[in-house]
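Data block below; observations after.
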Amino acid sequence: MPLFALAIPVLHSSGAWIAYAGSGYLAGTLSGTWVGAFVLGNAGLLSGFGLISAAGIASAAGVLTGFGTAAAAGIGSALTTIGLGGLASWLGIAPAVTFLGLTPLGWAVAGTAVAGGGLLALLAHRIMRRINEERAKGGLEAITPRQIIREVKEFEEEALRKVLTELASEGAPVEFDDAQKEVQIDGSRYSIGRVKYIVNKDGSEELVFVTRLGRARRIFLVRPAGPVPEPT
């Protein structure tokens, strides 16, 4: 799989979507939704551009349970099966099994239009034609590059809501506004779109807030540093 290539979701014999790149399917990317397969198949690129965090990857992989206890193991196991390998290294991401945060590039662009612009540059006309041909086979309408970016962002935000809801049920100081567009964490209010769930290579898990300048700061420590639990 070339480092600059995008994995395209295609219909699997099971009726679900699975990411396809080069000459075959990407293992571990089977999903019930088109966007789920797109996120799993392009996890390295999307996290490198700051468009998704561990929350979005976990949702796509179906491992949203266990946050704060075994998120690193669960998501790491899912990403390992995808085989990000060289692509992750090219983007500056440490081995996926131990680091599921954003790259320095991701932090620099997460709060700007550059993140989406980088993906737009990769979604060339020829690729979009193939993407929409496959979507038509699954009964989905044609989509534009900007719609893909919006769908990925919405997927990440919804995944984060699920994570925050789980944390709140475990007693974390998390509270949504009525529209669930903002969240109050430990007494401070934040826009959902700028909160990311990060799993660091030291095993710690945290919620961070990304400013418009792309700077990130911790707003809540979910799990302190320590050995990453083995997948069960």
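The values are calculated or read from the model by the stated rules, or taken from the named source; none is laboratory data. None of these values were measured; they are calculated from a predicted model. All Cβ positions, even for glycine, are placed from backbone atoms using ideal geometry, and neighbour counts span all protein chains on display. For accessibility, only protein heavy atoms count, side chains too; no ligands or nucleic acids. Shrake-Rupley method; radii C 1.70, N 1.55, O 1.52, S 1.80 Å.
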For this session: Please enumerate the residues belonging to the range 195-214 that are modelled with pLDDT under 80 and under 17 Å from Glu158 (Cα atoms).
Result: Ile198
Seminar exercise, completed: Note on the range 183-203: residues closer than 19 Å to Gly56 by Cβ, without any contact (Cβ under 8 Å) to a residue 60 or more places away in the chain and out of contact with any Leu (no Cβ under 7 Å at 6 or more places or on another chain) are Tyr190, Ser191, Gly193
For this session: State the number of residues belonging to the range 166-216 that are on the phi > 0 side of the Ramachandran plot and touching a Ser or Thr at 6+ places or on another chain (Cβ under 7 Å).
Result: 1
Problem set entry | Residues of the range 175-209 that turn out to be open to solvent by 10 Å² or more (accessible area, probe 1.4 Å), part of a strand (DSSP E or B) and touching a helix residue (DSSP H, G or I) at 6+ places or on another chain (Cβ under 8 Å), as a count | 5
Problem set entry | Verdict on Ala172 being modelled with pLDDT under 90 and open to solvent by 10 Å² or more (accessible area, probe 1.4 Å) | yes
Seminar exercise, completed: Of Phe38, Phe49, the only residue that is at pLDDT 55 or above, open to solvent by less than 10 Å² (accessible area, probe 1.4 Å) and aromatic (Phe, Trp, Tyr) is Phe38
